[in-house]
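Okay, structure first, notes after.
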Amino acid sequence: QVQLVESGGALVQPGGSLRLSCAASGSVFSIYNMAWYRQAPGKQRELVARITRGGRANYTDSVKGRFTISGDNGKNTVYLQMNSLRPEDTAVYYCNRDSFPRYFWGQGTQVTVSS
């Protein structure tokens, strides 16, 4: 079974940038069909970015043009570059497969956007 560890979250001012990392270990892993999700307080977890089987990146509308998902199969790591951060981006960010069967969820990494 693949274990996922997210990191890189922090407190950042509006307009700032962060780069999140998702390191996978424990079994065969591919960056394709991986995604970043986020869950804000009181809200359901939502998918914000994914890498398709063909290697294309898809984004939810609210982050298009600001977030970039990428990955490195050699390092078993998926990244999320987040620019022009807004207070509404505040959430716990997780990575996982973009469809079933999913891996066990990691603990996530907290991103707080506030002045």
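Matching residues to (1) modelled with pLDDT of 95 or more; (2) among the charged types (D, E, K, R):
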{"site": "Val2", "(1), (2)": "no, no"}
{"site": "Glu6", "(1), (2)": "yes, yes"}
{"site": "Gln13", "(1), (2)": "yes, no"}
{"site": "Leu18", "(1), (2)": "yes, no"}
{"site": "Ser27", "(1), (2)": "no, no"}
{"site": "Ala35", "(1), (2)": "yes, no"}
{"site": "Gln39", "(1), (2)": "yes, no"}
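Could you say whether any residue in the range 16-28 is free of Cβ contacts under 8 Å to residues at least 40 places away in the same chain and at negative phi? Within the range 16-28, one or more residues are free of Cβ contacts under 8 Å to residues at least 40 places away in the same chain and at negative phi.
The conditions of being within 15 Å of Met82 (Cβ to Cβ) and among the β-branched types (Val, Ile, Thr) are met by Ile69. Scanning the range 1-37 for residues that are open to solvent by 60 Å² or more (accessible area, probe 1.4 Å), in contact with a Phe, Trp or Tyr (Cβ under 9 Å, 6 or more places away or on another chain) and part of a strand (DSSP E or B) returns Gln3, Arg19.
Annotation: of all residues in the range 78-115 being of a type in the set (Gly, Ala, Ser) and open to solvent by 10 Å² or more (accessible area, probe 1.4 Å), the one that is nearest to Arg56 (Cα to Cα) is Ser99. Listed by first and then second residue, the pairs with beta-carbon distance under 6 Å, at least 6 apart or on different chains, first residue in the range 41-67 and open to solvent by less than 90 Å² (accessible area, probe 1.4 Å) and part of a helix (DSSP H, G or I), second modelled with pLDDT of 95 or more and not charged (D, E, K, R), are Val63/Val48.
Here is a yes/no grid of residues against (1) within 15 Å of Gly8 (Cβ to Cβ); (2) in contact (Cβ under 8 Å) with a residue 60 or more places away in the chain; (3) part of a strand (DSSP E or B):
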residue: Ile69; (1), (2), (3): yes, no, yes
residue: Gln81; (1), (2), (3): yes, yes, yes
residue: Ser84; (1), (2), (3): no, yes, no
residue: Tyr94; (1), (2), (3): yes, yes, yes
residue: Phe100; (1), (2), (3): no, no, no
residue: Tyr103; (1), (2), (3): no, yes, no
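The values are calculated or read from the model by the stated rules, or taken from the named source; none is laboratory data. Given the structure is predicted, the values throughout are model-derived calculations rather than measurements. When we count neighbours, we look across all protein chains shown, and the Cβ atoms used for this are built from the backbone with ideal geometry, even at glycine. Heavy atoms of the whole protein, side chains included, go into the accessibility calculation; ligands, DNA and RNA do not. Shrake-Rupley method; radii C 1.70, N 1.55, O 1.52, S 1.80 Å.
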